[in-house]
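To keep things clear, I will list the structure first and then write my remarks on it.
The values are calculated or read from the model by the stated rules, or taken from the named source; none is laboratory data. No experiment lies behind these values; they were computed from the predicted model shown. We place every Cβ from the backbone using ideal geometry, glycine too, and count neighbours over all the protein chains shown.
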Amino acid sequence: MENYTQILNEKFPGLRLNCEINQRGILTVSGECGNWEQLVDIGHAAAKLGGVKNVVSEMTVKGLVIPVKDYSAFKHNGQAIGTVEYVDVLIIGAGISGCAVARELSKYRLNILVTDMADDIATGATKANNGNIHPGHAVAPGTLKATLNFKGNRMYTQWAEDLGFDLRRCGAMGAVTDEQLIPMLQKAYDIAKLNGVDGVELVDAKRAYELEPGLARNNHKDIVGALWLPSLGLVEPYKVATALAENAAENGVRFLFNCTVADILHEDGAVRGAVTNKGIIHATYVINCAGVYADEISAMAGDKCYTIHPRKGVIAILDKRRTPIYNSLTEVFTLESVKEMSAKKNAESKGGGMCYTPEGNILMGPSAIEIPNKEDLSTTPEDLDYAMGRGSHISYSDVIRFFAGVRAADFTEDFIIEMSPITDGFINVGGIQSPGLAAAPAIAEMVEGILVKSAGKRGAPPAPNPNYNPVRKREIEFRHLSREAQDELIRQNPSYGRIICRCESITEGEILEALRSPLRPASIDAIKRRTRAGMGRCQGGFCQSRVLEILARELGREWAEINLTGEGSNVLTTDNRPSCALCNGKQVNNA
Ligand SMILES: Cc1cc2nc3c(=O)[nH]c(=O)nc-3n(C[C@H](O)[C@H](O)[C@H](O)COP(=O)(O)OP(=O)(O)OC[C@H]3O[C@@H](n4cnc5c(N)ncnc54)[C@H](O)[C@@H]3O)c2cc1C
């Protein structure tokens, strides 16, 4: 057995670290370090030591209070309410992982409940990412990430067909301008091959110009070779999660929002359910898809086996008037740019460059910043500079919004998907950082395998759901219809003739359709994720009040009760004139 304490203290002189490893290879590191970056470095170094399966950090940082979520009030509430549900499967988290798992398991005759502490699906990392269905070339071979990435990428074609969302397989290209960089391409190609990436090719300059006409259009006359990855796809991530959740709901899965899991019930080595602020939910299986909080949920289940170190990424969205300069996601590498990149720390988390969404908005970034606070979604001018860094031709005036998402990285930088060996029936879906979106179909399939195997062992294999239908009807997107189809639609239903969001041409009919969907959105941002109302250049400046009015009318609430995003984020709080009483919005002439 290695002396982990000695090794780490030698590697990080001046600190007094202490290590303890258990039989499963979970190494717990304690002691004080100088700053947050150092804590992350120590965690990474510890994860690389022989015999270590994963790392739990109990380290502190001098002069820094590491934020810790306090679940006690939620727990107290839930205990006071008592039992509210008995289910077969409780899924914690309605991001892409939780929604994918729910939809996969809806194939079976199981009573499934998904809980999320937010007021809607896709409010965590799932709403704040680049939407790239990565081919699988950029992940370390041999990792679970690598296996699930290429599989997931392949499975997206069927998902898009069944669930009715846009998947744009535009491909990706890494082109180089110097022969000295060919070995770099060769290395990337070899990794892609090892990872089973579909269709990957090393191409010469002539073929590179054929595959990506944007190279010539943008005066890149000096390309000497390229790596071509035709399987890269683009999606709107919240649309994928919505489609999954709606299809799961159509197949019998229930969702409970504003419901925070505050404790996991377990006894005699088996999971029994969870305590939430909305009461106690008894469950035979609990599946932990809680994103950045997955480590805390696992610890609640008696299985403290990893620590999430949050990694923030800032992305800038550009106005649609700025169109993508390449068809594929293309990056041109020069000797200089490669030198600059390799000078940065944490090779696995450098962040990205420029891509675009299926709707045509260019995304710049993300950055990759290690942060102590899992809920820190703040953005700074420096973050924006970083995100904009890879597009010298792009003006800041094209940016219509910039935002942050937080990746749920563990110290092995891999996914953790397993039945807990400590608490039977508790399944961890943790460490789901990038490429968690691309891998989601394969993650769901893996979880299904784990649960079905376990249920079989218990002598109760789940029966198929006789009513399971994998197909979800695609919603109407007025803006993409022909003029004739638009006219016909308006004739049938005049609400499609009322434009609510002018920037994106979103109609009242589409908002009403979203409000009548199997998972009714209840806030202005939830409507935005479903329909794009508010996603355009003016960012809701024009349509927000109209969406608010429709929401209030359709949900039977007062204007003042409508939230922007989540409980307590009411848009209207005080009357601005006596005749405009918030309690009776209908009196106001809003024309
Ligand atoms: C900037 C950025 C860019 C990225 N780009 C890409 C990309 O291009 N391609 C790609 O494949 N991946 C990308 N990723 C990674 C991808 O976004 C994530 O892997 C994926 O969204 C994780 O989904 P999830 O469902 O596991 O977690 P989340 O989406 O974070 O969902 C977790 C959910 O759990 C809920 N929750 C947490 N604790 C509790 C609790 N106690 N009780 C109830 N609910 C709880 C949260 O409210 C949340 O809704 C990116 C990530 C970031 C941040």
Scope the range 141-150; condition crowded, with 19+ Cβ neighbours inside 10 Å and either in a loop (DSSP other than H, G, I, E, B) or more than 8 Å from the ligand (Cβ to nearest atom) (or both); matching residues: Leu144, Lys145, Ala146, Thr147, Leu148, Phe150
For residues that are assigned to a helix (DSSP H, G or I) and free of Cβ contacts under 8 Å to residues at least 12 places away in the same chain, scanning just the range 382-411, find the one that is surrounded by the most Cβ atoms within 10 Å (Cβ to Cβ). Asp385
Any residue that is in contact with a Lys or Arg (Cβ under 9 Å, 6 or more places away or on another chain) and among the hydroxyl-bearing types (Ser, Thr, Tyr) - is there at least one of those in the range 451-465? no
Of all residues in the range 350-374, which are touching a helix residue (DSSP H, G or I) at 6+ places or on another chain (Cβ under 8 Å), in a loop (DSSP other than H, G, I, E, B) and of a type outside the set (Val, Ile, Thr)? Lys350, Gly351, Gly365, Pro366, Ser367, Ala368, Pro372, Lys374
Asp398 vs (1) away from the ligand (no atom under 15 Å from the Cβ); (2) acidic (Asp, Glu); (3) at pLDDT 95 or above: all pass except (3)
Does at least one position in the range 65-76 carry a residue that is within 15 Å of Cys259 (Cα to Cα), in a helix (DSSP H, G or I) and polar (S, T, N, Q)? yes
The residue that is nearest to the ligand (Cβ to nearest atom), considering only those in the range 220-234 that are part of a loop (DSSP other than H, G, I, E, B) and either free of Cβ contacts under 8 Å to residues at least 60 places away in the same chain or within 18 Å of the chain's Cα centre (by Cα) (or both), is Leu232
List the pairs whose first member sits in the range 238-264 and is over 26 Å from Gly131 (Cα atoms), whose second member is among the small types (Gly, Ala, Ser) and within 10 Å of the ligand (Cβ to nearest atom), and whose Cβ atoms are under 9 Å apart, counting only residues at least 6 apart or on separate chains? Val261/Gly93; Val261/Ala274; Val261/Ala290; Ala262/Ala274; Asp263/Ala274; Ile264/Ala274
Can you tell me how many residues in the range 99-140 are in a helix (DSSP H, G or I), of a type in the set (A, V, I, L, M) and near the ligand (Cβ under 6 Å from one of its atoms)? 1
Considering residues that are in a helix (DSSP H, G or I) and more than 32 Å from the chain's Cα centre (by Cα), the number found within the range 168-207 is 8
Residues that are more than 10 Å from the ligand (Cβ to nearest atom) and under 13 Å from Ile91 (Cβ atoms): which strands (runs of 3 or more DSSP E) entirely in the range 235-348 hold 3 or more of them? 279-288
Would you be able to tell me the number of residues in the range 54-77 that are more than 16 Å from the ligand (Cβ to nearest atom) and more than 25 Å from the chain's Cα centre (by Cα)? 8
Cβ pairs under 6 Å, 6+ apart, first in the range 120-139 and of a type in the set (Ser, Thr, Tyr), second near the ligand (Cβ under 7 Å from one of its atoms): Thr126/Gly95; Thr126/Ile96; Thr126/Pro237
Sole exception among (1) free of Cβ contacts under 8 Å to residues at least 12 places away in the same chain; (2) buried (at least 16 other Cβ atoms within 10 Å of the Cβ) for Gly196, by number: (1)
Residue tally, condition more than 15 Å from the ligand (Cβ to nearest atom) and over 18 Å from Trp36 (Cβ atoms), over the range 360-387: 3
May I ask you to verify whether Ala316 is at pLDDT below 95, farther than 30 Å from Ile112 by Cβ and outside the structural domain of Asn258 (by TED's automatic domain parsing)? no
Quick one: which of Gly233, Gly269, Gly273 is modelled with pLDDT of 95 or more and closer than 30 Å to Met184 by Cβ? Gly233
Given the condition within 25 Å of the chain's Cα centre (by Cα), in the same structural domain as Asp295 (by TED's automatic domain parsing), crowded, with 23+ Cβ neighbours inside 10 Å and within 16 Å of the ligand (Cβ to nearest atom), answer yes or no: does some residue in the range 449-459 qualify? no
Tell me the residue from Ala463, Ala444, Ala485 that is buried (at least 17 other Cβ atoms within 10 Å of the Cβ) and either on the phi < 0 side of the Ramachandran plot or among the acidic types (Asp, Glu) (or both), please. Ala444
Evaluate the range 497-507: report whether one residue or more is in a helix (DSSP H, G or I), touching a helix residue (DSSP H, G or I) at 6+ places or on another chain (Cβ under 7 Å), buried (at least 21 other Cβ atoms within 10 Å of the Cβ) and charged (D, E, K, R). no
